[in-house]
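First the structure, in the form of structure tokens, and then the observations on it.
The values are calculated or read from the model by the stated rules, or taken from the named source; none is laboratory data. Source: prediction; values computed, not measured. Glycine also receives a Cβ, built like all others from the backbone with ideal geometry; neighbour counts cover every protein chain displayed.
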Amino acid sequence: MTDYRDILDFCVRRNPALIYVAIGCAQGHNSPQHRTAQQFPPFIRAPNGWPKGEVIAVLIDPALEPDTELQGLIDADGDPEVAFLTARQEFHWDNPRDKQFIRYLCGMMMRTHRTTQLIVQDYTGEEIAGHLSRFMWEIGRGLQERALFDVSYGTMGGCFLDFSTVRILRNPDTGTFIQPQYMTLAQGIAHGVASAGAGAGAGEGADVAKPYYHIPVHYMRRIATERIQALRLYGHRTLRCLRDSSEERPPWLSDAAVLEKLSPIAYIYGIPLPTITPDRLTALLTHFMTDLATIADATVPIQELIAEPTSDDLCNAMYILRDTALGSRSGSG
């Protein structure tokens, strides 16, 4: 099976518990002792905590091994409820046809396959979480509960994924994905924050059989840091330039660049950002600072900080609130 249409038709006819898409997963170039579990990873095997049902594994790579070798993966594991579908071709996220294939899978789940979940893993090293953000804009906010792009949550390069450290965050009641990168910080913490030894990327000593739903504190800290950096560089600086015509706006701070960096954050906080205006940037900064102050249980003069002619005081306040809520680590930004 090599055509996307055939794969989509197959998925539509079935009602799988999970669809797993592995991009760049050929193993023929590796010697037997150096082959990895990219095609049939532990997290899609039974027992795996998924609702009972079939797993469809879609493997995309022009150098995929023959089907008989792939069937041997199932035979060796004794898991008959996995169907392998192959597309022996290259995949590029900037190719509309390739990207549309993933979008169709997402749309199919949300429209008709209400119990199916989707995991997409790119083993070429491509950062793919941002694509899910854009699909959420197009398909609906609930998509992040059903689709997971990158089981390492951005902590490991796709080519070098250590499967022994993978802990997929899932709601213990519904089995749906928990993805704090698409939540406010307060919402993420409300799910429960665990120490680094009890969650995604926990590594040695973690119970691999347990469905994890506590969010590692270092993961929440990283999300907070990424938002602080984006809002400082692209949010507050742009706001300063718009408020004060004497402050020159550098070429890298174009409207397109600002929208690319801030639109995912604006979506999380419910701020429409079709265009860049002082009011919308102020609203976004206010919502994020309120979120930080909430998890830190602190009171700060948010509007005064946003109104400052430099970003220093605002940035310092953001990092202090982050450290108060999520702890400080030497050497982190």
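Of note:
- Qualifying residue in segment 283-298 (condition: over 22 Å from the mean Cα position of the chain (by Cα), surrounded by fewer than 14 Cβ atoms within 10 Å (Cβ to Cβ) and either of a type outside the set (F, W, Y) or closer than 13 Å to G235 by Cα (or both)): yes
- All conditions but one from (1) surrounded by fewer than 17 Cβ atoms within 10 Å (Cβ to Cβ); (2) closer than 19 Å to V58 by Cα; (3) of a type outside the set (V, I, T) apply to L132; the one that does not is (1).
- Counting only helices (runs of 4 or more DSSP H) that sit wholly inside segment 215-270, those with at least 3 residues that are more than 22 Å from Q179 (Cβ to Cβ) are 237-243, 255-268.
- Selection count where residues are assigned to a loop (DSSP other than H, G, I, E, B), farther than 24 Å from R170 by Cα, under 24 Å from the mean Cα position of the chain (by Cα) and modelled with pLDDT of 85 or more, scope segment 34-87: 1
- Breaking point among (1) closer than 15 Å to Y182 by Cα; (2) not in a loop (DSSP other than H, G, I, E, B), for L105: (1)
- D244 vs. criteria free of Cβ contacts under 8 Å to residues at least 40 places away in the same chain, loosely packed, with under 13 Cβ neighbours inside 10 Å and in the same structural domain as V217 (by TED's automatic domain parsing): no
- Restricting attention to segment 286-303, the residues that are assigned to a helix (DSSP H, G or I), farther than 15 Å from I223 by Cα and either among the hydroxyl-bearing types (S, T, Y) or in contact with a Phe, Trp or Tyr (Cβ under 8 Å, 6 or more places away or on another chain) (or both) total 4.
- Yes/no for D98 being surrounded by 16 or more Cβ atoms within 10 Å (Cβ to Cβ), more than 20 Å from I44 (Cα to Cα) and among the charged types (D, E, K, R): yes
- In segment 10-27, of all residues being more than 19 Å from the chain's Cα centre (by Cα) and under 17 Å from D122 (Cα atoms), the one that is modelled with the lowest pLDDT corresponds to Q27.
- Meets criteria (modelled with pLDDT of 95 or more, among the polar types (S, T, N, Q) and within 18 Å of C241 (Cα to Cα)) for T275: no
- Segment 135-150: number of residues that are buried (at least 17 other Cβ atoms within 10 Å of the Cβ) and more than 8 Å from the chain's Cα centre (by Cα): 8
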